[in-house]
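Everything below concerns the one structure shown next.
The values are calculated or read from the model by the stated rules, or taken from the named source; none is laboratory data. Computed from a predicted model, the values in this text were never measured in an experiment. For neighbour counting, all protein chains shown are included, and Cβ atoms are generated from backbone atoms with ideal geometry for every residue, glycine included.
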Amino acid sequence: MRRTALLAAAFLLAPALAACGGDDEGTTLNVYAAASLTATFEEVAEVFEQEHDGVDVELNFSGSSDLVTAIQEGADADVFASADLPNMDKITTDGLEAGDPVDFATNTLQIVVPPGNPAGVTGFADLAGADVKLVVCAPEVPCGAATQKVSENTGITLSPVSEEQSVTDVLGKVTSGEADAGLVYVTDVIAAGEAVEGIEFPEAAEVVNTYPIVVLADSEEGDLAQEFVDLVLGEAGQGVLGDAGFAPAP
Amino acid sequence: MVTARARPTGLPGWVFVPAALGAVFVLLPLVAIVARVDWANFVPLITSDSSRAALWLSLRTSAVSTVLCVLLGVPMAVVLARTEFRGQGVLRSLVLLPLVLPPVVGGLALLYTFGRRGLLGETFSAWGIEIAFSSTAVVMAQTFVSMPFLVVSLEGALRTAGQRYEVVAATLGAGPSTVFRRVTLPLVLPGLLSGAVLAFARALGEFGATVTFAGSLQGTTQTLPSLIYQERVTDPDAAVALALVLVVVAVVVIGLARQGRGSTR
């Protein structure tokens, strides 16, 4: 009986112990990046691993505010790339950064419609039409804040049928054809490919979303983390971001 | 005290260690939620416009979906418990599938069935019925995930109750409908009630299928769980306060369900 209990305990503890001992060989760099950077940062990380033998880049993608919460709660992060400035400000307010954050890309909103544009949307003003089922991000999340700002700038009041928690949710509703139109970032439209059509609108240019990146103070691999940031800011990183539709930071 | 009472049943002593660990594992996170609540602002946080709208919507849609679960689930449980046919085992597993499916998958499945471009969507559109982004969609998502809870508990109750009384009633000349109404249902009423309460609790907590299928808009499709998910980003205090409300409601509801089950014995 006692042996069974011990065995059970060993089983329960084994994974935890294994996780502790896993860092013996090589170095791990933990990069926390906004979900919208997923495809680009995976590519950048691959380049980084090729350039640095024995270094393993662990990428953690999520909403910027979720990542900030994790870092504030003591997550083991070396680099943080945010999808907007307010979330980076939370990090600097708490003094969790090593050095100043650097802006590395910008993103703007675009209208997204299902293939064939069934509702015949041509510009931002069309989105206010009663016959257009519009889906946007909730004002609480960055893409929703940007949407609200465009709405304020233009004086056009939107009445969406749903306010989603993330860009991905908005895209999902449009690709499935449930919604006639949505507001997402240019990069999301490019990433979605054939599943959607993007419609540019001039009013978007006034609401530019800036992505900052920073090395975190608690990082045990500060130099390596800085090299990763340099790669993102350098030609290779900027090339990858440009291909995905991000514009360079001013 | 616990050991003293348990000893006569012959439970090995070591069993209490993992049992206590398990209990701590489940209870500690609840304690952590209570510890994080900003009590000074608790009432304003849970009575804001969006909170009240979400709570009211959640209660309303969960009630409707519970009624639907009863209307559709009771016959399903009866058929599963009282008949035998080829493929019944497979059918039972399929009916119970929403219990184990990730809710997001349930939401997608509903979307591909009732969505505008779904299997039945075009027919519905032709009739002028638009399900997407409506409270109806919320009810459907909740019903989809909570129905198995009712079917499972009721089927269990039906099997435990056995068929003796039904057979007697039938030999005394009662028709099948009368037997069902006057004998079967009263016999398993406690099981039915606890199943309905569980289904209600599950509907109240439904999130994944709802956001996938119904979206989120205050007053129409934003249920309490989706509001909590949203507030966690900008207003963690509000999220925690609302989470506590949901926990309390769930505890009360589960307590009711257990009481219902207790009286069967």
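All conditions but one from (1) in a strand (DSSP E or B); (2) in contact with a Gly (Cβ under 9 Å, 6 or more places away or on another chain); (3) in contact (Cβ under 8 Å) with a residue 60 or more places away in the chain apply to A:Ala119; the one that does not is (1).
Is it the case that A:Ser151 is more than 30 Å from A:Ser219 (Cα to Cα), small (Gly, Ala, Ser) and crowded, with 21+ Cβ neighbours inside 10 Å?
Taking the combined requirement at face value, the residue does not satisfy it.
Look through A:Leu59, A:Leu85 and report the one residue that is at pLDDT 95 or above, away from chain B (no Cβ under 12 Å), out of contact with any Cys (no Cβ under 8 Å at 6 or more places or on another chain) and closer than 26 Å to A:Gly144 by Cα. Step through it out loud before you land on a result.
Working: A:Leu85 fails: at pLDDT 95 or above.
The conditions single out A:Leu59.
Of the listed requirements (1) without any contact (Cβ under 8 Å) to a residue 60 or more places away in the chain; (2) within 14 Å of chain A (Cβ to nearest Cβ); (3) touching an Asp or Glu at 6+ places or on another chain (Cβ under 7 Å), B:Ile228 misses just one: (3). Scan the stretch A:144-164 for residues that are touching a residue at least 60 places away in the same chain (Cβ under 8 Å) and in contact with a strand residue (DSSP E or B) (Cβ under 7 Å, 6 or more places away or on another chain) and the total you get is 1.
Residue-wise test of (1) over 25 Å from B:Leu204 (Cβ atoms); (2) touching a residue at least 40 places away in the same chain (Cβ under 8 Å); (3) away from every other protein chain (no Cβ under 13 Å); (4) crowded, with 20+ Cβ neighbours inside 10 Å.
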site: B:Ile46; (1), (2), (3), (4): no, yes, yes, no
site: B:Ser51; (1), (2), (3), (4): no, yes, yes, yes
site: B:Val67; (1), (2), (3), (4): no, no, yes, no
site: B:Leu91; (1), (2), (3), (4): yes, no, yes, no
site: B:Leu99; (1), (2), (3), (4): no, yes, yes, no
site: B:Gly118; (1), (2), (3), (4): yes, no, no, yes
site: B:Ile131; (1), (2), (3), (4): no, no, no, yes
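Tell me, which residue of the stretch A:138-164 that is closer than 16 Å to B:Thr220 by Cα and not small (Gly, Ala, Ser) is nearest to the other protein chains (Cβ to nearest Cβ)? Here the residue is A:Val161.
With B:Val64, B:Val104, B:Val90, B:Val78 as the choices, which residue is farther than 25 Å from B:Thr212 by Cβ, at pLDDT 90 or above, in a helix (DSSP H, G or I) and in contact with a helix residue (DSSP H, G or I) (Cβ under 7 Å, 6 or more places away or on another chain)?
B:Val78
Tell me, yes or no, whether the stretch A:165-176 has at least one residue that is touching a residue at least 12 places away in the same chain (Cβ under 8 Å), within 27 Å of B:Leu224 (Cα to Cα) and in contact with a Phe, Trp or Tyr (Cβ under 8 Å, 6 or more places away or on another chain). Yes: the stretch A:165-176 contains one or more residues that are touching a residue at least 12 places away in the same chain (Cβ under 8 Å), within 27 Å of B:Leu224 (Cα to Cα) and in contact with a Phe, Trp or Tyr (Cβ under 8 Å, 6 or more places away or on another chain).
Taken as a whole, the condition of being in contact (Cβ under 8 Å) with a residue 12 or more places away in the chain, of a type in the set (Lys, Arg) and in a helix (DSSP H, G or I) applies to B:Arg258. The number of residues in the stretch B:183-222 that are small (Gly, Ala, Ser) and away from every other protein chain (no Cβ under 14 Å) comes to 8. Flag set for B:Thr184, criterion: surrounded by fewer than 24 Cβ atoms within 10 Å (Cβ to Cβ), touching a residue at least 24 places away in the same chain (Cβ under 8 Å), β-branched (Val, Ile, Thr) and in a helix (DSSP H, G or I). Among the residues making up the stretch A:36-51, those that are touching a strand residue (DSSP E or B) at 6+ places or on another chain (Cβ under 8 Å) and crowded, with 17+ Cβ neighbours inside 10 Å are A:Ser36, A:Leu37, A:Phe41, A:Ala45, A:Phe48.
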